[in-house]
Amino acid sequence: MDLKKIFENNQSWIQRKLQHDPAYFEKLSEGQQPGILYIGCSDSRVSAEELMGLAPGEVFVHRNIANMVPNTDLNVMSVINYAVRYLKVQHVVVCGHYYCGGVKAAMQQADLGLLNPWLRNIRDVYRLHHEELNTIEDEEKKYKRLVELNVQEQCVNVIKTAVIQKAFKERSVKVHGWVFDIRTGKLIDLEIDFDKILHQIMEIYRIS
C-alpha cells in the first residue's frame, strides 16, 4: 500500500466535506454527543460507522479482536465508563460478525502465543454453551452460532459492570447484541432476552 495515497485521499475527503458544508470541521471540533457506544471487532473488513450509515460524532467506537468485553481489560472498561458516565450514550451495542478470525482461532487447538489468554475468553463461551454447540454437526453453522453466543456473553459482561447498573437506575440505557454478515452486508439484531438469561444469576453480580 502506498501511504502517500492516504494523504491524497484525505485532501480529497476534506474538499468533499467542505463543499457540502463549509463549517463541517468547525462544527466537528465543538465536541461530541454520540447516542451509541459500539463495541466491535478490529477486523479490517468491518467498519462501524459505514455499516450503520452514521456520521462522525454519532457513535463512540471501541474495537478489539472478536469484540470482547473481559472485565480485566482496562481499555474496554474505560471506554464503557466514559461513554456511559460522561457521554451519556443511550445504547450500548456489542457487534460481532460472521467469519470472525478470532472466533475461528479460538475453535482450534493451535498455540497462538500472546493471543492465547485473549482467545481463552472465547473458549470459555464455548464451555458455557458446549451442550448446544456440540449438537451442531455442520462446522460452519457451529462457527456462526459461536459468533452469536460470544456476542451474547460480551453483552452480559457489559451488563455486569457497575457503571451500567448505575445507569439503569438513573436513566434509559439499553444493551444490544448484533451480528454483521459479511457475505450479505446485513446487520442482524439478535434480540437477546437478557432478563431471561440473567434472572436467576443477576443477584450475584448486582452492585448496589
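Side notes on the structure shown:
- Computed over the chain, Kirkwood Rh from alpha-carbon pairs, angstrom: 18.8
- GNM flexibility winner over the chain from Lys186, Lys27, Lys142 (Cα, springs under 10 Å): Lys27
- Potential lengthening between Asn71 and Leu114 on full extension [0.36 nm per residue; Cα-Cα distance subtracted]: 13.7 nm
- Rounded to the nearest 20, the size of the Cβ-charge dipole of the chain about its Cα centre is 420 debye, with Lys and Arg at +1 and Asp and Glu at -1.
- Relative to one another, the C-alpha centroids of region 171-192 and region 111-166 are positioned 16 Å apart.
- Length released on extending from Lys166 to Thr135, taking residue separation times 0.36 nm less the Cα-Cα span: 7.3 nm
- Relative contact order (%) - criterion: Cα under 8 Å, at least six apart; region: region 31-205: 25
- The chain: antiparallel DSSP beta bridges as a percent of all, rounded to 5: 20
- Loop-exposed GluC sites (Glu not before Pro) per DSSP, neighbour cap 12 Cβ within 10 angstrom, longest uninterrupted part of the chain: 31-136
- Length-normalised contact order of region 162-208 in % [C-alpha pairs under 8 Å, at least 6 apart]: 30
Each value in this text was obtained by applying a stated rule to the coordinates, not by laboratory testing. These numbers come from a predicted model, not from an experiment. All Cβ positions, even for glycine, are placed from backbone atoms using ideal geometry, and neighbour counts span all protein chains on display.
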